[in-house]
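These notes are about the structure you will find just below.
The values are calculated or read from the model by the stated rules, or taken from the named source; none is laboratory data. Note that the structure is a prediction, hence the values are computed from the model and not measured. We place every Cβ from the backbone using ideal geometry, glycine too, and count neighbours over all the protein chains shown. Note: accessible area is taken over every heavy atom of the protein model, side chains too, but ligands, DNA and RNA are not part of it. Shrake-Rupley method; radii C 1.70, N 1.55, O 1.52, S 1.80 Å.
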Amino acid sequence: MPTTFRIAFVTGATPDKWASRWRERHPKDRLELVPVDQADQERVLRAGEVDMCLARLPVDTAGLHVVRLYDEAQVVVVDREHVVSAVEEVELADLADEQLVTDPARVPGWADVSRVERLDWPPMSDREAVEVASSGAGVAVLPESVARVLHRKDAVHRPVVDLPPTTVALVWLVERDDEATQEMVGITRGRTARSSRG
């Protein structure tokens, strides 16, 4: 009997190539890809709304399996007229006098370099943060793939070279460690349909 397998993915993660391989191997089963904000990635998984998640670390690993897939650089998003748009890359200290609109907890070292009192920004989605940055009211620091997906004509992004990369991982509940789950793990790790687990 056909089943449905649901995988959530955060903005910027690209599940397409893995989804294609899954569908080739399981043509009778339905694979559903569910976009999710990073703030909700753990909640949907723990609530059983999805079977697995392409999540952005860190996550609370209690009760979860985590397989790291790839790292990506972090960038700063600014409005097109901002001085940062004239350079190829920046260091975090170059942003010390800026209003950071993304959550400072997501930007390692921000508290050490910032020289301005942060305004009382409400929590924002990545899309909202890019909108605010493009208006010139502040800057947003995001994974590069997120900045690309949310790109606007009135904004630019530049690498922040001294920030550690962010990591995208495949995450699932320990009790959900079944054959279908291991099949998807194998696909993301490059195992072919004929190779065994190992």
Two-site label geometry, residue 175 and residue 118: point separation in nm, points 7 Å out along Cα→Cβ: 3.6
Protein-only accessible surface order, largest first, of 11, 166 at 1.4 Å: 11, 166
Selection of trypsin sites (Lys or Arg not before Pro), segment 103-198, meeting DSSP coil and at most 10 other Cβ within 10 Å: 115, 153, 194, 197
DSSP-assigned coil residues among GluC sites (Glu not before Pro) in segment 1-94, each with at most 11 further Cβ atoms within 10 Å: 81, 88
Estimated [θ] at 222 nm from DSSP helical runs (n ≥ 4, -39500 (n - 2.57)) normalised by residues in the chain, nearest 500: -6000 deg cm²/dmol
Label point distance in nm, residue 128-residue 6, each placed 7 Å from Cα along Cα→Cβ: 2.4
FRET efficiency for residue 99 and residue 149, using Cβ-Cβ distance with R0 set to 22 Å, rounded to 0.05: 0.45
Å² of accessible area per residue within the chain, as computed with a 1.4 Å probe and no ligands counted: 55
Antiparallel %, DSSP beta bridges [both residues in the chain], to 5: 65
Cα gyration tensor shape of segment 1-143, rounded if a/c is under 1.5, else prolate or oblate by comparing a/b with b/c: prolate
Heavy-atom accessible surface of the chain: percent carbon and sulfur, 1.4 Å: 49
Whole-angstrom gap from segment 123-198 to segment 59-112, using each part's C-alpha centre: 13
Additional length obtainable on full extension of the chain from residue 167 to residue 68, 0.36 nm per residue less Cα span: 34.9 nm
